[in-house]
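Presented below is the structure to which this report refers.
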Amino acid sequence: MSDAGGSRKVWSRDFGLFFTARAVAKLGDTMLPVALAAGLLQHGYGVGAVGLAMAASAACFAGLVIFGGVFADRFSTRLLMIGADVVRLGSQSVAATLFFTGHVVLWQICAIGAVNGAAAAIFEPGVASTVPRLATDVQAANGAIRVAESTAQLAGPAIAGLLVAFASPGGVFAAHATTYALSALCLLLLRLPPADPDHRARTNGFGADLVQGWREFRSRTWLWAVIVIWCVLMISVWGPTVPLVATEVVQEHGPRAYGLVNSALGAGTVIGGLIALRLRPRHMLRAGSLALFAFACFPAAVGAGFGVAAMAAGAAIAGAGLSFWGVMWATSVQTQVPPDALNRIHAYDIAGSLAMMPVGQTLAGPAAAALGADHVLLVAGAMTLVVATALLSVPAIRGLVRAETPTSRSLPLSHGSAGTAAGPTHTGGRDRQGSGQPGVRRGVRRGDGRGKRQTCTGGKS
């Protein structure tokens, strides 16, 4: 497909607003590790405190996101996302005040992180279902958003490093709060199709919705197998890598060097997103798993004690691989899962993916004290290779055949219960056959509704 065709399918006023909201939010999020590492170290705390502060947010997010998925099925996803941004605007403003005044207490920073994590748990489930509502070419939309977020990641750490060096960590938190205000404004201006009038009739009790979401999740082997393997990556790779890389680079080379390394990671993810815009592999998760091998370069380069230039190169390679995997994974979930179940399955996906990250972040300090931070990072690099190999070893993952968005195009005007969702589509080539079962038949019956969705995108949600 040509680039022009992809643009016609993706770009619109509303997708542009959503695109901007995601970009500015990512800009703030990538500034936060620099602020936490530099700010807590400046006030006498060590690597363990940095890990705990990050883990507080991640733990609340992972623990509550499943409930956020149910809320997203029962209420307006747009209003939930705006509310979550407003809450985080307030919490980060409080954090900025604490750092500006010098009254920094670890438990207070952890409490603010917990509030941020809870708000993110309400925000995130609606993202997956919003993308196919705004664009018919789901992979191109995901690729474009990935490039925007990656570009923000390129700039965010560098800006944070400059703010820390020439102002204070409090300035970074103030800037972070501003990004949530801008995101909320974009979402406030966003228009989505009107709610499906049958939505509430199809919605069961809160507990029943949770159970139905779990049944839909576990019926797809490729989905839950990735999550199980990803838990290993979170506890052994990503969990310790984030705080240990931050503290190691800041302590050895200063906050501006960490900003440079993290910006290189962002540059790599831009490249990976651009590649994902062009390549359309038939087996998306297989291609993504192969790309994931590249992420080993990031923790390994820092753990090996390379110079700033070499660490930046390793981060760029790692970012490209991780970004390509991210687009392949997000598109697979959004196109293989029927819309009735997408919010809740996305919530289970997030919860499972991140469940072990706070464990890895919390253990980062003790592991570094026992083995040395450099050795922990080298182990993280080796475990990345193990995880990528494990993904390729599962037939349901490597054999999953791409879906050309038939499910997304038959997306209802809101998100109903998963009780009438399609049956299992979980093993290799059977996924494509499975997509011809009840879920797609529902899409055929809603053929007129599909046209209605396209003509109603200008209406208010």
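The values are calculated or read from the model by the stated rules, or taken from the named source; none is laboratory data. As the structure is a computational prediction, the values presented were derived from the model and not from experiment. Note: ideal-geometry Cβ built from the backbone for every residue, glycine included; neighbour counts use all protein chains shown. Please note that ligands, DNA and RNA were not included when accessible areas were found on the heavy atoms of the full protein model with its side chains. Shrake-Rupley method; radii C 1.70, N 1.55, O 1.52, S 1.80 Å.
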Given charges at beta-carbon only (K, R positive; D, E negative), |dipole| of the stretch 84-237 in Debye: 160
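Per residue, how much accessible area does the stretch 34-100 have with a 1.4 Å probe, in Å²? Mind showing how you got there, number by number?
Numbers: 2260 Å² over 67 residues.
Value for the stretch 34-100: 34 Å² per residue.
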Estimated dipole of the stretch 6-116 in Debye, rounded to 20 [Cβ of Lys and Arg +1, of Asp and Glu -1, Cα centre]: 440
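If a/c stays under 1.5 just call it rounded; otherwise compare a/b with b/c (prolate if a/b is bigger, oblate if not). Do that for the stretch 211-285, with a ≥ b ≥ c from the square roots of the Cα gyration tensor eigenvalues. Display every interim value, and only then the final one.
On the way: a/c = 3.72, a/b = 1.60, b/c = 2.32.
Note, shape of the stretch 211-285 comes out oblate.
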Positive dipole terminus of the stretch 208-309, leading residue within ALA257, THR221, VAL211 (C-beta point charges): THR221
Charge dipole (debye, nearest 20) of the stretch 274-386; +1 at Cβ of Lys and Arg, -1 at Cβ of Asp and Glu: 380
Total formal charge among the other residues, if their Cβ is under 14 angstrom from that of VAL302, Lys/Arg +1 and Asp/Glu -1: -3
Farthest positive-ward along the stretch 56-171 dipole, Cα basis, beta-carbon charges - from ALA58, SER76, LEU163: SER76
